[in-house]
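Where a number appears in this text, it was derived from the coordinates with a stated rule and is not lab data. These numbers come from a predicted model, not from an experiment. Glycine also receives a Cβ, built like all others from the backbone with ideal geometry; neighbour counts cover every protein chain displayed.
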Amino acid sequence: MVENKTLTIEERIDDLAKGAKSMTIASSVADLAKLATPGDESKIQQVAYDLPDGRTYVEAEVAKVKNGISANYPDTYLRRRDPDSMVIADEYPTDKEKFDHRFGYSFQSLKQETFDWLKEQDLAMFYFQAGQPGIGYDGVAIIPANAGFFGLGLALLQGIVDADNLPTGFTPKVAIYVAPPFRHTHFDGKQVVVHERQESQYEMFSYNLYPGPSAKKGVYAMLIHLGNLERWVTAHCATVRVVTPYDNVVTIMHEGASGGGKSEILQQPHRQVDGSLLLGESISTNERLTLELTRTCDLQAVTDDMALCHNDDSQPNNNKLHLMDAENGWFVRVDHIRKYGTDVVLERITAQPEKPLLFLNIDAVPGGTALIWDHIEDAPGRPCPNPRVIVPRDSFPGVYNGGVDVDIRSMGIRTPPCTRENPSYGIVGMMHILPPALAWIWRLVAPRGHANPSITDSKGLSSEGVGSYWPFTAGRRVTQANLILEQIQRTTQVKHILIPNQHIGAYKTGFMPQWVSREFLARKGNAEFSSEQMSEARCSLLGYALNSMRIEGKYLPKELLRVDLQEEVGGEAYDIGAQLLQDFFKAELNQYLLDYLDPVGKRIIECCLDNGSMKEYESLL
């Protein structure tokens, strides 16, 4: 074993290129698609690795299909992101678990083992740009050549730079290295991604082939780190310009933990056979509440998951939040698409794409067409809850390029059913208006909520943390809390709302609350809510509840606006759910009360711990 030392990324590239069995340099998505299935394209190809004990482990099975590449994982654990996959291997400030603490030895020895293993492989590499030109990092990915599908996913998400025509001054400052068999030899089969921040570069080591914690959220961590240095935020959100039938435009930024409805805010409402919208179906009585809405708004997608909220001095100071997309492709979850015709636009894009796409957890055969409603099964009769497709953003019709000013920031939460017999925190109405201080509190806690389909830990009420991007952050929790507070204080013309999905009390709703709320808010425009239109929610954490909601002359049932009015729920069950939320928030907020928390933030948290009123929250920001 050679002596380990910290090389610049360019030196590391040169060292691996000279030492590896071979090095293939990819310059296009097509190059990586070809690399993903280098053998007989009429057969499923296994991505397998030999282990020191003589075993061979198949990490993925890959098929070339008419519309791209389909990859599946025999190990069902790899089909979702493990929220505990991140570990830190540097001495910079962090609240995350350090590598040596979790595993009992220094990462430096494993780092050298990783590079020694890579030198024994046929490798592939390509350049990419994390973020956008001028706001981000130049990067490089080095992977085993047989893991071409993983490289394809990263290139679709972040873009790929032609190695023969690198932009002037292109210098890799971030690097991703992939060594899949180490999850078996060193990590007991677990997803582990090691982050090592250095003085002028950032290296990340992915020891598994599911792109969620590395190609997706790992790059996200790099952008968050850059924002820490320059005091701006990469928000975890989807953003859409909503164009009404009267050509008014309202821009909505939807945030929330994984499964909180970010991708869905970019979609048209799913309609029943007769064209109506199913607002909800009672789990107690099977009563179905519907809405006739002939014309919905046009949607211009801006971001799907990551937004650069850079403090750009060239933008007009209009007290709104300015953002732009941080990605070149979108990691779209399609668990809700279970049959043909559910989302015609997405089905058309993915069935006949202009460029090859990457499908994950989709049941497809070589030479066939991967269909986004054919989900692979985790077990007989149990579909995988996290089927995905990675689609270039420019494949979406009407996608909006460039920066936008946000009018409304919404926060999504997955809610369980709530009834008298089974009280829960599923007490959130169709839409709630939040004072800015309370909106900040919700971003600190960012509840994952009910039946999260995107991660391995999905039971019960848990927190995804600051801005809902804490699981991907290598630094300190309070640092991010302060940055988000500064952002909210600076953007005083932005409205804040809270929207549930899955259930409203005893009604199963899916994502209909955010689709209907989007239609309502777009038609309302920038008009303020009057005191007659809203009143303080029975649970103070929910801000203001609407007294009425009218769309195209039709009023929504009041029991969908205020869950305590539902006969199946009532005040007593509602109050039990409110207490569950309050206890959970208080337990999560205590960890932010450190000496470097912004004093205003300290007062807001103390207000929440003291069961503050709306007037108290409004007086703080």
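A few remarks follow.
- Kirkwood hydrodynamic radius over Cα pairs of the range 418-509, then Stokes diffusion coefficient at 4 °C and 1.567 mPa s, in µm²/s: 88
- Of the beta bridges in the range 54-194, as assigned by DSSP with both residues counted there, near 70 percent are antiparallel.
- Placing unit charges on each Cβ (+1 for Lys and Arg, -1 for Asp and Glu) gives the range 507-621 a dipole about its Cα centre, and among Gly543, Trp515, Leu581 the Cα reaching farthest toward its positive end belongs to Trp515.
- For the peptides 523-534, 168-179, the ranking by mean Cβ contacts within 10 Å, running from highest to lowest, is 168-179, 523-534.
- Take every DSSP beta bridge whose two residues both sit in the chain; close to 70 percent of them are antiparallel.
- Based on C-alpha pairs under 8 angstrom that are at least 6 apart in sequence, the range 1-159 has a relative contact order of 29 percent.
- Backbone N under 18 Å from the Glu552 label point (7 Å along Cα→Cβ), restricted to the range 515-533: 515-525
- Histogrammed with a bin width of 10 Å, the alpha carbon distances of the range 557-600 distribute as 24, 31, 22, 19, 4 percent, first bin at zero.
- Length gained on full extension, Arg603 to Thr8, computed as 0.36 nm times the residue gap minus the Cα-Cα distance: 209.8 nm.
- Between Gln493 and Ser28, the modelled label-to-label distance comes to 4.4 nm, taking each label 7 Å out from Cα in the direction of the beta carbon.
- Prolate/oblate/rounded label for the range 501-549 (Cα gyration tensor, a/c 1.5): oblate
- Helical contribution to [θ] at 222 nm, DSSP H n ≥ 4, -39,500 (n - 2.57), averaged over the chain, rounded to 500: -7000 deg cm²/dmol
- Diagonalising the gyration tensor over the Cα atoms of the chain and scaling each eigenvalue by 5 before taking the square root yields semi-axes of 40, 27, 23 Å, largest first.
- 5 angstrom amide H check on Cys237, placed H, neighbours 5+ away: Asp305, Met306, Ala307
- Net charge dipole size for the chain [Lys, Arg +1 and Asp, Glu -1 on Cβ; Debye, nearest 20]: 820
- Across the chain, Cα pairs under 8 Å and at least six residues apart give a relative contact order of 15 percent.
- Annotation note: chymotrypsin sites (Phe, Trp or Tyr not before Pro) in the range 227-330 located in DSSP loop regions with a Cβ neighbour count of at most 10 within 10 Å are Tyr246.
- Among the GluC sites (Glu not before Pro) in the range 49-108, those placed in a DSSP loop whose Cβ has at most 15 other Cβ atoms within 10 Å are Glu91, Glu97.
- Peptides 40-49, 353-362, 130-139, 339-348 ranked from most to least packed give 353-362, 130-139, 40-49, 339-348, packing being the mean of other C-beta atoms within 10 angstrom over each peptide's residues.
- Note on Asn422 and Thr369: the extension gain reaches 14.7 nm, defined as 0.36 nm multiplied by sequence separation minus the Cα-Cα distance.
- Among 292-299, 570-577, the peptide with the highest mean count of other Cβ atoms within 10 Å heads the list, and the full ranking is 570-577, 292-299.
- The length gained on full extension between Tyr340 and Thr294, counted as 0.36 nm times the residue separation minus their Cα-Cα distance, comes to 14.4 nm.
- Projected label distance in nm at Gln46 and Gln272, using a 7 Å step from Cα toward the beta-carbon: 4.9
- Anisotropy class of the range 84-180 from Cα gyration tensor, a/c 1.5 cut: oblate
- Viscosity 1.306 mPa s, 10 °C: Kirkwood-radius Stokes-Einstein D of the range 102-233 over Cα pairs, µm²/s: 104
- Over the range 264-394, the alpha carbon radius of gyration divided by the compact-protein estimate 2.2 N^0.38 Å works out to 1.32.
- Remark: spin-label model distance Glu97-Gln533 equals 4.7 nm, labels positioned 7 Å along the Cα→Cβ axis.
- Convex hull volume of the Cα atoms of the range 240-295, normalised per residue: 110 Å³.
- For the range 386-430, taking Cα atoms only, Rg and Dmax work out to 18.0, 50 Å respectively.
- Residue (of Thr114, Pro83, Met125) at the positive-pole extreme of the range 71-125, dipole from beta-carbon charges: Pro83
- Helical segments meeting 27 Å axial Cα length and Kyte-Doolittle -0.5 threshold in the chain (DSSP H): 570-589
- Rg/Rg_ref, the range 541-621, where Rg_ref = 2.2 N^0.38 Å and atoms are Cα: 1.41
- The range 133-190, relative contact order [Cα under 8 Å, separation at least 6], %: 53
- Centre-to-centre separation between the Cα atoms of the range 559-621 and those of the range 80-129: 38 Å.
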